[in-house]
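Structure first, then comments.
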Amino acid sequence: MLVSAKEMLDKAKAGHYAVGQFNINNLEWTKCILQTAQELNSPVILGVSEGAGKYMTGFKTVTEMVKAMDEELGITVPVALHLDHGTYEGCYKCIKAGFSSIMFDGSHYPIEENIEKTKELVAVAHGLGLSIEAEVGAIGGEEDGVVGKGECADPDECKAIADLGVDMLAAGIGNIHGKYPDNWEGLSFETLDAIQQKTGEMPLVLHGGTGIPDDMIAKSIELGVSKINVNTECQLVFAEETRKYIEAGKDLEGKGFDPRKLLAPGCEAIKAKVKEKMELFGSVNKA
Ligand code: 13P
């Protein structure tokens, strides 16, 4: 059964660990992430960007696939199906389609408009038992066409959004979607600390989890991060293992071209990556 992310994140905040959000792109991704979460007895959040939702033919398809897979695989750990960087319209579409959690990314609006729209969506989401994430201060880089400048969030604006009753808050602290450039200055722990001082018990979300060094992850969790999003890293390991399989000519041996064989090494790589992250975030055996 799909659940709201609220309870798992409140527990993570209190227990000083983080729950991973892993973005899904298709059936294989979903299956690998669910199986790994179950194997490690870890709560998990499946993230769906609007682009990935469209690719999978729509949010309804995604919801039906995830719900059925959760049931048929006998998954018992808490699973939230969460819209990633949702637009105002996208949030309503996911609510209608049966998601258990949404993110409204109003960070590109003036703060007053971000507050107004977030407030409305909090009431709608909570009325239906969904959890909701909001964003202040853009995450840098590009994800599925959503481009952010990467400025650090203003802690007072974070407090204003947190006070609306959102369940989790994404705040820019120098994090970037995709690979980090060589000249990246690292996360701004000063900003993160100031935000946590103002927002108290609010579970904070660290986007752009790909490529953040382990010690920075640990420090972020110490300073109140309870949800960490990972997308690109799973894509990179999947592509790498698939390339090796084809370059070794394995698709030409016997029935090596069968998609179930062709995609298997990439799938195993996703599972290993998700396991590595769950261990790093401390969510193992926290279901
Ligand atoms: P990465 O692709 O950098 O891991 O970021 C994922 C993310 O933040 C999803 O919102």
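The values are calculated or read from the model by the stated rules, or taken from the named source; none is laboratory data. What you are looking at is a predicted structure, and each value in this text was computed from that prediction instead of being measured. Heads up, the Cβs are rebuilt from the backbone with ideal geometry, glycines too, and the neighbour counts pull from every protein chain shown.
Of all the residues that make up segment 230-247, how many are under 21 Å from H177 (Cα atoms) and more than 16 Å from the ligand (Cβ to nearest atom)?
0
Read through the list (1) closer than 23 Å to G186 by Cβ; (2) in contact (Cβ under 8 Å) with a residue 40 or more places away in the chain; (3) part of a loop (DSSP other than H, G, I, E, B), then give the number of the only condition that G141 fails.
All conditions pass for G141, except number (3).
Answer yes or no as to whether T210 is under 26 Å from E120 (Cβ atoms) and of a type in the set (S, T, N, Q).
In short, no.
Checking the condition surrounded by 20 or more Cβ atoms within 10 Å (Cβ to Cβ), away from the ligand (no atom under 11 Å from the Cβ) and part of a loop (DSSP other than H, G, I, E, B), which residue from G209, G174, G165, G186 passes?
G174
Looking at segment 99-123 only, could you name the residues that are over 21 Å from K67 (Cβ atoms) and among the hydrophobic types (A, V, I, L, M, F, W, C)?
F104, I111, I115, L121, V122, A123
Of all the residues that make up segment 110-137, how many are away from the ligand (no atom under 12 Å from the Cβ) and either in a strand (DSSP E or B) or within 16 Å of the chain's Cα centre (by Cα) (or both)?
Of the residues in that region, 5 qualify.
Within segment 164-198, take every residue that is farther than 22 Å from E222 by Cα and modelled with pLDDT of 95 or more and give me the one that is farthest from the chain's Cα centre (by Cα).
L164
Can you tell me which of K250, K227, K159 is out of contact with any Pro (no Cβ under 7 Å at 6 or more places or on another chain), of a type in the set (K, R) and either within 12 Å of the ligand (Cβ to nearest atom) or without any contact (Cβ under 8 Å) to a residue 40 or more places away in the chain (or both)?
K250
All but one of (1) over 15 Å from H85 (Cα atoms); (2) within 16 Å of the ligand (Cβ to nearest atom) hold for K219; state the number of the condition that does not hold.
The one condition K219 does not meet is (2).
Mind checking which residues of segment 9-33 are touching a helix residue (DSSP H, G or I) at 6+ places or on another chain (Cβ under 8 Å), aliphatic (A, V, I, L, M) and surrounded by fewer than 24 Cβ atoms within 10 Å (Cβ to Cβ)?
L27
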